[in-house]
Amino acid sequence: MAARGAGDADAMRRWWEELVITIFDRMDGLVGAAHKGRLDDEEHDRAVSLALSRFTFNLIHTFEGVSMGELVNATKTLANFICMDVQRSSMARRTVSLDHGWDADDDGGSSSAWEAAESQRRFALDEHARDMDAFREEAMTHLSPRQREVVDLTFQGAEIEEICDRLGLTRDNAYQLRSRGLRKLAQLLRDHEDAS
């Protein structure tokens, strides 16, 4: 907060990277608390992955709070909205065919301004999320193979103990690989934004 208040972008990003590393271990619980069992395991994992990705790459630009409590609340809100989006997309896939509505007669009515604005907002958010997912996929190729394994499992919502077990790493080594990998991704994001 002090770095942002002072206009020190480098310090702000450095501290944001520390927050990202800290929140990764907590996001699984925040997502679970948000959906309260309404998502199945696959949906939960997808929600954790999306929440981690959007926290890492989007919240730095949208968070305007001044305290840690506000950041925690913003993260809870992010997790809540991600869970709702995952649940909606899962329900839509289960109940509506891709052809639904295209063969219906047009009654000449138009959608409300709110629906149009909401549709545009969701489209812009989805497009930005796709861009960030594409960036992340390309940026991951710049990590060492071991860093990539650790960071990929982290984005999938794996806890540090699970990462250690699956990859045969010590806890310190896993933390170090994750920290360096996330810092590298953050630097690549800065470079990407500066070039845009």
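Residue by residue, the stretch 44-55 carries 3J(HN,Hα) couplings of 4, 4, 5, 5, 4, 4, 5, 5, 5, 5, 6, 4 Hz when phi is fed to the Karplus relation 6.51 cos²θ - 1.76 cosθ + 1.60 (θ = phi - 60°); x denotes Gly or Pro.
Computed extension length for residue 120-residue 193: 23.9 nm, one decimal, from 0.36 nm per residue of separation with the Cα-Cα distance subtracted.
Equivalent-ellipsoid semi-axes (√(5λ), Cα gyration tensor) for the stretch 113-196, whole Å, largest first?
Working: eigenvalues 204, 54, 15 Å².
Calculated on Cα positions only, the semi-axes equal 32, 16, 9 Å.
Around the amide H of residue 142, modelled in the peptide plane, lies no amide H under 5 Å away from a residue 5 or more places distant or on another chain. Extension gain for residue 77-residue 156 works out to 26.5 nm (0.36 nm per residue, less the C-alpha to C-alpha distance).
No lab work stands behind these numbers, since they all come straight from the coordinates. Quantities reported herein were computed from a predicted structural model and do not represent experimental measurements.
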